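*Asks:* Once you've had a glance at the structure underneath, I'll fire off some questions.
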Amino acid sequence: HRIRLSIVSLLMVEDEVEFKEMKVALNLTDGNLASHIKALEKADYIKVKKTFIGKKPNTKYAISAIGKKAFKQHLITL
């Protein structure tokens, strides 16, 4: 799916990306982004880091080793 490819592409060039930053960069709604992130997380393509800044939750995402390998293989296939 093109949105999942966009998420992984973004994470390939950035060490970590916050949920809000990713939402703005990809022009997605909260729900749409969350559903695609859930699928990528289930496939172990991305890592999730949840923390709090004060009392506000902060979620950051990074590409996993499996995700990097899958992305590189996808590029080779293209």
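The values are calculated or read from the model by the stated rules, or taken from the named source; none is laboratory data. Since we're looking at a predicted model, the values are computed, not measured. Positions of Cβ are generated from backbone atoms using ideal geometry, with glycine treated the same way; all protein chains shown enter the neighbour counts. Heavy atoms of the whole protein, side chains included, go into the accessibility calculation; ligands, DNA and RNA do not. Shrake-Rupley method; radii C 1.70, N 1.55, O 1.52, S 1.80 Å.
*Asks:* Given H placed 1.01 Å from N in the peptide plane, which residues other than close sequence neighbours of ILE63 have an amide H under 5 Å from its amide H?
*Replies:* Counting only residues 5 or more places away or on other chains, the set is LYS47.
*Asks:* For the chain, what is the relative contact order in percent, using Cα pairs closer than 8 Å and at least 6 residues apart in sequence?
*Replies:* 35 percent
*Asks:* Check ASN58: other-chain or 5+ apart residues with amide H under 5 Å from its amide H, H built from backbone geometry?
*Replies:* Excluding prolines and chain starts, which carry no amide H, the hits are THR51, PHE52, ILE53.
*Asks:* Taking the radius of gyration and the Kirkwood hydrodynamic radius from Cα positions alone, what is the Rg/Rh ratio for the chain, to two decimal places?
*Replies:* Reported Rg/Rh, Kirkwood definition of Rh: 0.97.
*Asks:* Apply 1/(1 + (r/R0)^6) to the Cβ-Cβ distance of SER9 and ASN58, taking R0 = 25 Å, and write down the FRET efficiency to the nearest 0.05.
*Replies:* On the way: r = 23 Å, r/R0 = 0.90.
In this case the efficiency is close to 0.65.
*Asks:* Heavy atoms only, 1.4 Å probe, whole protein assembly: order ILE76, ILE7 by accessible area, highest first. Show your work: numbers first, answer last.
*Replies:* Numbers: ILE76 130, ILE7 0 Å².
Highest to lowest solvent-accessible surface, that is ILE76, ILE7.
*Asks:* Also, I was wondering about something else. Would you compute, from DSSP H runs of 4+ residues alone, the mean residue ellipticity of the chain at 222 nm, taking -39500 (n - 2.57) per run and dividing by the full residue count, rounded to the nearest 500? Spell out each step's value before the answer.
*Replies:* Details: 4 runs with 46 residues, N = 78.
Counting only the DSSP helices, I get -18000 deg cm²/dmol.
*Asks:* Which one of THR29, HIS1, PHE52 has its Cα pushed farthest toward the positive end of the charge dipole of the chain, where Lys and Arg give +1 and Asp and Glu give -1 at the Cβ?
*Replies:* Going by the Cα projections, it comes out as PHE52.
*Asks:* Oh, and also: Which parts of the stretch 40-55 would a label at HIS1 reach, counting a residue when its backbone N lies under 11 Å from a point 7 Å out along Cα-to-Cβ?
*Replies:* Within reach of a label on HIS1, which here means backbone N under 11 Å from a point 7 Å along Cα→Cβ, the stretch 40-55 contributes 40-41.
*Asks:* Please give the per residue accessible area of the chain, computed with a probe of 1.4 Å over protein heavy atoms only, in Å².
*Replies:* 72 Å²
*Asks:* For THR51 and THR29, what does the FRET efficiency come to when R0 = 22 Å and r is the distance between their Cβ atoms, rounded to the nearest 0.05?
*Replies:* Values: r = 23 Å, r/R0 = 1.06.
That pair, THR51 with THR29, gives E of 0.40.
*Asks:* While we're on this one: For a Förster distance of 22 Å, can you work out the FRET efficiency between the beta-carbons of GLU21 and LYS42, rounded to the nearest 0.05?
*Replies:* Values: r = 22 Å, r/R0 = 1.00.
Result of the calculation: an efficiency of 0.50.
*Asks:* I've got another one for you. Could you go through the stretch 48-53 in sequence order and give the Karplus-derived ³J(HN,Hα) for each residue, using 6.51 cos²θ - 1.76 cosθ + 1.60 with θ = phi - 60°, rounded to whole Hz, and x for Gly and Pro?
*Replies:* Calculated HN-Hα couplings, in order: 10, 10, 10, 9, 10, 10 Hz.
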